[in-house]
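For reference, the structure discussed in these notes is given below.
The values are calculated or read from the model by the stated rules, or taken from the named source; none is laboratory data. Bear in mind the structure is a predicted one, so any value in this text is a computation, not a measurement. Neighbour counts run over all protein chains shown; Cβ positions are idealised from the backbone, glycine included. Just the protein is used for accessible areas: all its heavy atoms, side chains included, with ligands, DNA and RNA removed. Shrake-Rupley method; radii C 1.70, N 1.55, O 1.52, S 1.80 Å.
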Amino acid sequence: MKGMTTLANVAHRVSEQAKNHQDAVINAQDLSFENLGSVLIDGQHHPLMPNAQNLIANRLSIPPSYLRRCDDDLQAENLNAWLNRMDDKQFFLRFDGSAVRAIFTPRYTPLDNHEVLDRLFDLGMTPDTMVQAHLDADFMSLSIPNPSQTFSIAKNDSITPGLSIANSEVGKSCLRISAYTLRLLCTNGLIANSETCSASFRHISRNIMAELPSVLREVALQPHNQTDQV
């Protein structure tokens with residue numbers, strides 16, 4: 001999904017993506033790599049998605065680019081040898097069906113896209129809210145303009161403030177909330193997008209869900225505070 005759409009459409013797509021998602025804490029002794037693309041968990045074969053491949057390779061301090069140049073047997077030898085030397089006794093795995101989409105330590109605290117969207121609806125955003133969305137299996141980014149707060153600074157020159165929210169369920173990004181402005185520079189509709197990162201939250205705590213209303217309010221004020229600087 002990419003481009004302008006409604007928040008309801010984003011929520012529907014997120015729900016579709018999550019149908020086969022599940023999580024599990026797995027003992028390290030129950031893992032055995034067949035190669036970089038496949039792992040045995042309690043003797044059952046599970047494909048490793050590319051993001052999970054990168055995560056486990058980095059966790060074991062093995063360059064993923066090196067592993068991908070190795071044949072399957074050497075990949076397995078490297079992965080299993082370094083796995084057995086690690087102090088980590090357990091891993092937190094995220095699945096899409098039988099495929100492993102991410103591998104973390106148990107310290108990782110899930111904060112899924114549907115939870116972020118549910119919180120936005122709880123805070124008063126409506127399903128028909130228009131957003132600029134980028135959504136794939138690894139990353140969600142939403143830019144939410146607020147047309148009711150558009151203001152003019154010159155003839156054919158106006159600014160629309162908004163919020164930008166990014167999140168990844170598989171380690172590609174923390175939860176990041178930013179203020180941004182869309183500036184109409186000329187009559188043909190040229191848009192300049194400037195963004196200032198205001199707050200980011202690693203996936204090690206769920207405190208942000210309680211703090212989200214105050215964070216959104218604080219971030220939303222930034223464009224107003226910058227008005228006199230334009």
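Things to note:
- In this structure, the amide hydrogen of Ala199, modeled 1.01 Å from its nitrogen in the peptide plane, lies closer than 5 angstrom to those of Ile177, counting only residues at least 5 positions away or on a different chain.
- Estimated dipole of the chain in Debye, rounded to 20 [Cβ of Lys and Arg +1, of Asp and Glu -1, Cα centre]: 540
- With Cα atoms, 0 to 90° folded angle of helix 113-122 axis to the chain main axis: 30
- Averaging the sequence gap over all C-alpha pairs within less than 8 Å and six or more residues apart, then dividing by the number of residues, gives the chain a relative contact order of 18 percent.
- Within the set (i) 1.03; (ii) 0.94; (iii) 1.08, the number that Rg/Rh (Cα atoms, Kirkwood Rh) takes when calculated for this structure is listed as (iii).
- Length-normalised contact order for segment 2-55 - Cα pairs under 8 Å, 6+ apart - percent: 18
- Carbon/sulfur fraction of accessible area - the chain, other protein chains in place, 1.4 Å, %: 48
- Toward the positive end of the charge dipole of the chain, with +1 on the Cβ of Lys and Arg and -1 on the Cβ of Asp and Glu, the farthest Cα among Asn58, Leu175, Pro145 is that of Pro145.
- Helix 207-220 axis, angle to the chain major axis (alpha carbon atoms, nearest 10°): 30
- Mean accessible surface per residue for the chain, computed with a 1.4 Å probe while every protein chain stays in place, in Å²: 53
- Listed residues Pro47, Pro64, Pro110, most fluctuating in the chain (Gaussian network, C-alpha, under 10 Å): Pro64
- MRE, 222 nm, helices only [DSSP H, n ≥ 4, -39500 (n - 2.57), over the chain, to nearest 500]: -9000 deg cm²/dmol
- Against the chain, whose longest principal axis comes from its Cα atoms, helix 72-85 is set at around 90 degrees.
- With K and R counted +1 and D and E -1, the other residues having a Cβ less than 15 Å from that of Asp42 yield a net charge of -2.
- Total formal charge among the other residues, if their Cβ is under 13 angstrom from that of Leu55, Lys/Arg +1 and Asp/Glu -1: +1
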